[in-house]
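A short write-up of the structure that comes next.
The values are calculated or read from the model by the stated rules, or taken from the named source; none is laboratory data. Note that the structure is a prediction, hence the values are computed from the model and not measured. Cβ atoms come from the backbone with ideal geometry, glycine included; neighbour counts cover every protein chain shown.
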Amino acid sequence: MPTTTRRHTLTLAGLEVPVIELAGAADGPRLTVIAGVHGCEYASMDGVRKWARQLEDRELRGRVVAVPVLNLPSFRARSPFIVPDDGKNLNRCFPGDPAGTLADRLAHAAFTELISGSDALIDVHAGDMVEALEPFALYDAGPAEDRARELATAYGLGYVIRQAPGPGRAVGGSTSAAAAEAGIPAITAEAGGCGLVERAAVEAHVRGLNGVLAALGMADPPPAASPAPPPAFLERFLWLRCADEGWWEPVVSPGETVAEGQLLGTVSSLDGARTLQTITAPAAGVPMFITSSPAVAADGLLLGLGAS
Ligand SMILES: [Zn+2]
């Protein structure tokens, strides 16, 4: 039985956001897939674009609503992390505020129109323009976390991080955290980075989304698909920042195992004469992302360490 495809735009906070809706002939869950919450994470956007095209020719149970580029102002301006209109990180604004600035309003509209009422949410990311990254999936503790962990595992990346609420939590106000609070199984899936459209990362996202479809019982895996090896499960996500502005020089790479106390990099003066800060690992773990640009501001984000 054929899958019906409808391409249209949804007006969210005054923006005409492209949407691909795929409806199977058979009943099943409603899966929402969003990319481009950050406007320069191209591998994730391309993964969703290519996956949606392939899905048109497959049998589907249920309905997929896919948004390849949500944050149009950031995409158009090639603005990493933030919405240029208000300087806010859209992925810290969920579930949003209809009376706020553009990022708040876009988050609110996306949460209301796309995420609410979904049976599962996959928010597809990559490292942003100046972010090198080891592929991983992230989910939040909450009422739907068992299902979220299944989806994170089914995505097939090397690492799965669970975020518990509390002061140690690295990321709040994200799509998947807000969905988790609303009881919707949700993950953030990360592969690719540095503003590149790396083929391996795009394919990782296509495979991951197919893995999620199979886990939800919405489609059989493609014939060529082999099961992914089980990921390493991590319980902590430690984000390291610098005290002062300067020149950041990491000495480790994403995905490299590091020991507690190991040197991760330095921040030095722009003239190269003085080391301002030595960054060491607060725990044994694996850098999930590393800021690839030497230019860092005071309190700038340097690195995210996944730890058990
Ligand atoms: Zn992102």
Evaluation of Asp220 against (1) at pLDDT 95 or above; (2) surrounded by 13 or more Cβ atoms within 10 Å (Cβ to Cβ); (3) touching an Asp or Glu at 6+ places or on another chain (Cβ under 8 Å) (one fails), failing number
(1)
Those residues of segment 244-258 which are in contact (Cβ under 8 Å) with a residue 60 or more places away in the chain and either part of a strand (DSSP E or B) or touching a helix residue (DSSP H, G or I) at 6+ places or on another chain (Cβ under 8 Å) (or both), in sequence order:
none
Tell me yes or no: at least one residue of segment 236-243 is outside any strand (DSSP E or B), of a type outside the set (Lys, Arg) and within 16 Å of the ligand (Cβ to nearest atom).
no
Which listed residue is in a loop (DSSP other than H, G, I, E, B) and more than 16 Å from the ligand (Cβ to nearest atom), from Gly195, Gly173, Gly217:
Gly217
Kindly provide the set of residues from segment 259-292 that are in a loop (DSSP other than H, G, I, E, B) and either closer than 24 Å to Tyr159 by Cα or in contact with a Pro (Cβ under 7 Å, 6 or more places away or on another chain) (or both), ordered by number.
Ala259, Glu260, Gly261, Gln262, Ala281, Pro282, Ala283, Ala284, Ser292
Looking at (1) within 15 Å of the ligand (Cβ to nearest atom); (2) surrounded by fewer than 19 Cβ atoms within 10 Å (Cβ to Cβ); (3) under 16 Å from Phe136 (Cβ atoms), which is the only condition Thr188 fails?
(2)
Enumerate the helices (runs of 4 or more DSSP H) found wholly within segment 30-113, keeping only those where 3 or more residues are buried (at least 18 other Cβ atoms within 10 Å of the Cβ) and either outside the structural domain of Val197 (by TED's automatic domain parsing) or in contact (Cβ under 8 Å) with a residue 60 or more places away in the chain (or both).
42-55, 102-110
Checked segment 293-308 for anything closer than 21 Å to Glu190 by Cα and either without any contact (Cβ under 8 Å) to a residue 24 or more places away in the chain or not in a loop (DSSP other than H, G, I, E, B) (or both); matches are Leu301, Leu302, Leu303, Gly304, Leu305, Gly306, Ala307
